[in-house]
Number of protein chains: 2
Amino acid sequence: MSATRPPTPVNGAELLRDTLLDCGISVCFANPGTSEMHFVAALDHEPRMRCVLGLQENVVTGAADGYGRMSGHPAATLLHLGPGLANGLANLHNARRARTPIVNVVGDHASTHLALDAPLTTDIESLARPMSDAVRRVTDPDDVQAATLEVYRAARDRPGVATLILPADASWGGLSEQHCRAPPAAPCTAAASAQVDAVAQAIARHARSGARIGLLLGGKALRRPALPVAGRIAEALGARLLCEPLSGRLERGAGTVAVEKIPYPIVKAIECLATLDVLVLVGCKAPVGFFAYPGLPGKLCGDSCEILTLSAAADDAAIALAHLQNGLGIRPGPVRCIAFAPPAAPVDGATLTPQDVCQRIAAGLPEGAILCDESLTSMAVLYAKTRAAAAHDYLQNTGGAIGIGPPLAIGAALACPDRKVVNVQADGSAMYTIQALWTQARERLNILTIILSNRSYAILHHEMRGVGIDSPGENSRRMLDLVDPALDFAQIARGLGVEAVSARTPREFAAAYARGLAASAPFLIDAVLCT
Amino acid sequence: MSATRPPTPVNGAELLRDTLLDCGISVCFANPGTSEMHFVAALDHEPRMRCVLGLQENVVTGAADGYGRMSGHPAATLLHLGPGLANGLANLHNARRARTPIVNVVGDHASTHLALDAPLTTDIESLARPMSDAVRRVTDPDDVQAATLEVYRAARDRPGVATLILPADASWGGLSEQHCRAPPAAPCTAAASAQVDAVAQAIARHARSGARIGLLLGGKALRRPALPVAGRIAEALGARLLCEPLSGRLERGAGTVAVEKIPYPIVKAIECLATLDVLVLVGCKAPVGFFAYPGLPGKLCGDSCEILTLSAAADDAAIALAHLQNGLGIRPGPVRCIAFAPPAAPVDGATLTPQDVCQRIAAGLPEGAILCDESLTSMAVLYAKTRAAAAHDYLQNTGGAIGIGPPLAIGAALACPDRKVVNVQADGSAMYTIQALWTQARERLNILTIILSNRSYAILHHEMRGVGIDSPGENSRRMLDLVDPALDFAQIARGLGVEAVSARTPREFAAAYARGLAASAPFLIDAVLCT
């Protein structure tokens, strides 16, 4: 078929394929169904598009998130109708909160079929909107190009999740117009506004008066080229450099600028910010509590703290920070960075603690690794131990929908095939998207998964104590514990085609970790913790 | 704590617990989070509520579907915010299409927290509506009882999925009013209307003129007491008794009235109905194609076929049919039933086919079994082979969102602990909710899962041929095949705590099937098919 494929598209499906390629989209994470068959056929003999199957759609969307975070460009997804979209919404939610660009393609019934209310009919727009920054339904085959370009630009420029709804008849229908190749124009780079100058003046005034200043960094402010500039400004001002409890992508380890993370627990978070007189927002919003708690405020900063917005999430943080540096009269120059000082390897013992595991991970982390952190209960320990490890990118669950780690690792590994991906993963959350391991095996990805098996939703046990239940009874244990039976992650992983071992002591974990780091194929360690 | 628990609820969470119990709801399928902790605490020492954890929400909702189909009463769910709901939407979609009663409880942030747009904030109503027959947000603690009763009645009387959104502050907030116990009144039974008489007259007229009549049965018309009445009417009229390709619950096997199923493939479906002059709808809508195909009609009946609606899905089919019988002057009496004639056991050979497996399943199916069928590609074979097996209930995927089988089996087994549940399960669909096996193990449910491992989304390969691709290329194979690596379901099952074996010949399958039937705990057979 490839020899006879016409150079111009003949139907909407082929036009979609060509328009995505024109946009530079070369990876499609997919789980298609009957209504998407014409698009599958259009992709069939197209080697420029890498099609990656996920065995459940939350794997598909989570992988697109990881790819977008690390490549900076959107991948496409391919989802089957409302239910297929629904299955992938949780990780689209996380992607949207991380401001990851994704072109989210969702098939629908043929337009003529919708009125019949066939069994798979749903209101796709209603499902898509809460987790999308833009939603666009294709009206007919000739509309495919315009709709796709619109969605692509929305995904790239916000950046965020943009959903394209593709009815089957817009896919299979013939084209009545000629569609020239039309790669989208480059985005306008956000120029520094008068706002930056006003913020610079306000900061200068506060600095003179001895105010305690914090810079809260989000989005691209947490990596080069923005982060060193932020560091230089903070040094010059004597200000604190902060980030939110959960960040989409953060450059960390030796050679990077140290950023202080606001703790996740609400009381500690409030304490952390209580001493600030001024908080400058760079690429993020004013910090709020992850959850509400009776009697505690939702906003983490008190009313006495002045909030200044330097740039919003969609702005170019590096440009804004450079203007601020200039406006404050700070000369560009070297900035203090973290020196390489990984923790010592843990001492061997009869049982394995989260501290042991995180210390060993940090001690041996390869230079340039991508650390996908969904460790949840052990997050604070992992974060502390890896502070002065080898330089790495740190990816987290930004939206709080659990089950992001294993798919995120897929996307990161595909975007950066020369780097080691280490997914440190809570057991309860791992079970949400355990199917991802199969895709890791099929694509032969360089991913080491470390399951922190504490055999419970431990973070919720903590929350139970928060509501005054110190000794949980039958029903809460049945809802919060992952025992009876215990999950054997090594066995599950092998069933999904991934080599795996269990580790129950620091020595066993060290051996497993060395083996996992040496492997170039996916490898899983079930770190069975003493809790 | 149980000794000191006050007899009257003190907050919204306790009032919700008590109202659900007043409604006769005694099972809660759950995967809670921080915002639901007060409700978890309220349930903690309440032995009248059985709390069943699913490791992903599509397990939770699919189990509630199975429970509702077999018990006739709604279970409650407990889901965590928008993402938790999103994860469970696909099986709520199936439940809604099966008209299963479910009280779907979704936690939300405290009302005061919503405006802050914290990371887990989403538009829950927008997500819930497409898969719910009713959606109700609790406004404050004192509103909990009224809202819950409203949702319960909607779930019971439509029947269908009714979603209750519970903000955390409505859960933890104290009550300012006294709330008397108020069990809901019984539903009004739909009386036969003048419509039934008009339909009776029309049918009588058609019968006199020799018209070819079909009765299409849905919902409760597919089981006693309605089904024998429908059979009696069909016999008297010389009419065909039909059901849709996918039914929520169907009484089948020896001693039941034979019902002819409309085939799933669109061309065969149209042929099946082409010879009818009149189609009488009993508890269902006029049949439409599951998907649209270029050049084929969406409505399965031609314009020359007259459609008569005897009763809608929400009506009492048994009452409507009894009135129709009376209106047609047909005397109640015995009806022809299927005689027990299971197929012979398959002959042994070197490889295993879907025919072998389905024949063996039918040959040995225990009396009173509940057959959860998500065999998809092998559906027609399984249906044909089990026609004259021992009497059983037959449950299918009504909405087309794959991944229903293993959770459906959980709910059916909990509703009917004395019956054997046999889940015949396509491999690709099994992977959508494979986490369900853990819940089956934990609850020690009497479920035998049989995976039909053909190592592909075979039904989609068929659809590819339908769009003219006879020899799929690299990209479609990568999206439709489940090989490289092959899934080892026996190993995955053991990792999840379920005993399991693989079978590759009819003899091996026979031994495994006997073992699985004899077990009272969950058991899985990976039937590796020759394809």
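FYI, it's all coordinate maths here, none of it is from the lab. Note that the coordinates shown come from a computational prediction; the quantities given were computed from them, not determined experimentally. Every residue, glycine as well, gets a Cβ built from its backbone with ideal geometry; the counts of neighbours run over all protein chains shown.
In this rough spin-label picture, where each label sits 7 Å from Cα along the Cβ direction, the A:Ala198-A:Asn326 distance is 2.0 nm. Straight-line cross-link reach from A:Lys268 at under 16 Å between alpha-carbon atoms covers these aspartates and glutamates, not counting any fewer than eight positions away in the same chain: A:Glu244, A:Glu260, A:Glu463.
Once phi is turned into θ = phi - 60°, what whole-Hz ³J(HN,Hα) does the Karplus curve with 6.51, -1.76 and 1.60 give for every residue of region B:428-434, x standing for Gly and Pro? Those phi angles translate into x, 6, 4, 5, 5, 9, 4 Hz.
Just to be sure I understand: of the beta bridges DSSP finds with both ends in chain A, what percent are antiparallel, rounded to 5?
Details: 6 of 74 bridges.
Counting DSSP beta bridges with both partners in chain A, the antiparallel share is about 10 percent.
For A:Gly210, the label point sits 7 Å beyond Cα toward Cβ; its separations from the matching points on the remaining copies run 10.9 nm, from shortest to longest.
Please find the FRET efficiency linking B:Ser304 to B:Glu235, where r is the Cβ-Cβ separation and R0 is fixed at 25 Å, and quote it to the nearest 0.05.
Numbers: r = 25 Å, r/R0 = 1.01.
Here the calculated transfer efficiency is 0.50.
Close amide H partners of B:Thr256, meaning residues 5 or more places away or on another chain with modelled amide H under 5 Å apart, are B:Ile338. Each residue of region B:223-235 is assigned a 3J(HN,Hα), and the resulting list reads 8, 4, x, 6, 4, x, 5, 4, x, 4, 4, 4, 4 Hz, derived from the Karplus form 6.51 cos²θ - 1.76 cosθ + 1.60 (θ = phi - 60°), x at Gly and Pro.
In nanometers and ordered shortest first, the copy-to-copy spacing of the B:Leu21 label point, defined 7 Å from Cα toward Cβ, is 6.5. Placing a label point 7 Å from the Cα of B:Leu296 along the Cα-to-Cβ line, the residues of region B:358-379 whose backbone N sits under 19 Å from it are B:376-379.
In the protein assembly as shown, a dipole from Cβ-located charges (positive for Lys and Arg, negative for Asp and Glu) runs towards its positive end, and of B:Leu517, A:Ala389, A:Leu414 it is B:Leu517 whose Cα lies farthest in that direction. Each of B:Leu376, A:Cys301, B:Ala198 was scored by the projection of its Cα onto the charge dipole of the protein assembly as shown, and the greatest displacement toward the positive side belongs to B:Leu376; charges sit on the C-beta of Lys, Arg, Asp and Glu.
Dipole check for the protein assembly as shown: with +1 at the C-beta of Lys and Arg, -1 at the C-beta of Asp and Glu, and the Cα centre as origin, the magnitude is about 980 Debye. Amide H contacts of B:Ala118: none lie under 5 Å away among residues 5 or more positions distant or on a separate chain (H built 1.01 Å from N in the peptide plane; Pro and chain starts excluded).
The other copies place their A:Thr139 label points at 4.1 nm from this one, listed shortest first, where each point is 7 Å from Cα along Cα→Cβ.
So how far, in whole Å, is the C-alpha centre of region B:248-316 from the one of region A:315-372? For region B:248-316 versus region A:315-372, the Cα centre distance is 63 Å. Dipole check for region A:2-172: with +1 at the C-beta of Lys and Arg, -1 at the C-beta of Asp and Glu, and the Cα centre as origin, the magnitude is about 760 Debye.
Exposed loop positions in chain B were taken to be trypsin sites (Lys or Arg not before Pro) whose DSSP state is not H, G, I, E or B and which have at most 15 other beta-carbon atoms within 10 angstrom. Between these positions, the longest stretch is B:49-180. Scattering from the protein assembly as shown was approximated by placing one identical point on each alpha carbon and applying the Debye formula without solvent; log10 I(q)/I(0) at 0.05, 0.07 1/Å stands at -0.32, -0.63.
Divide, for region A:354-528, the radius of gyration over alpha carbons by 2.2 N^0.38 Å, where N is the residue count. Mind dumping the intermediate values first?
Values: Rg = 15.7 Å, N = 175, 2.2 N^0.38 = 15.7 Å.
Here the Cα radius of gyration is 1.00 times the empirical estimate.
For region A:194-327, the convex hull drawn through the C-alpha positions has a volume of 103 cubic angstrom per residue. Between B:Val135 and B:Thr163, the built amide H atoms are under 5 Å apart, and every one of these is 5 or more places off in sequence or on another chain.
Placing unit charges on C-beta atoms (Lys and Arg positive, Asp and Glu negative, everything else neutral), compute the dipole magnitude of chain A about its Cα centre in debye, rounded to 20. Provide the component values of the computation, followed by the final result.
Working: 46 positive and 49 negative charges, 369 e Å.
It comes to approximately 1780 debye.
Listed by chain and number, the lysines whose alpha-carbon sits under 30 Å from that of A:Lys420, ignoring those within fewer than 8 places in the same chain, are A:Lys220, A:Lys261, A:Lys385. Each residue of region B:441-450 is assigned a 3J(HN,Hα), and the resulting list reads 5, 4, 8, 6, 8, 8, 10, 9, 9, 10 Hz, derived from the Karplus form 6.51 cos²θ - 1.76 cosθ + 1.60 (θ = phi - 60°), x at Gly and Pro. Principal axis extents of the Cα atoms in region B:2-172, from largest to smallest and rounded to whole angstrom, are 41, 38, 29.
A crude spin-label estimate for the pair A:Arg181 and B:Asp484, with each label 7 Å from Cα along the Cβ direction, gives 2.8 nm.
Inverting the pair-averaged 1/r between distinct Cα atoms of chain A gives 24.4 Å as its Kirkwood hydrodynamic radius. Taking every residue in A:282-293 and counting other chain Cβ atoms within 10 Å of its Cβ, the average works out to 5.
Using alpha-carbon positions, what is the distance between the centroids of region A:135-168 and region A:417-476, in Å? Cα centroid to Cα centroid, the span is 34 Å.
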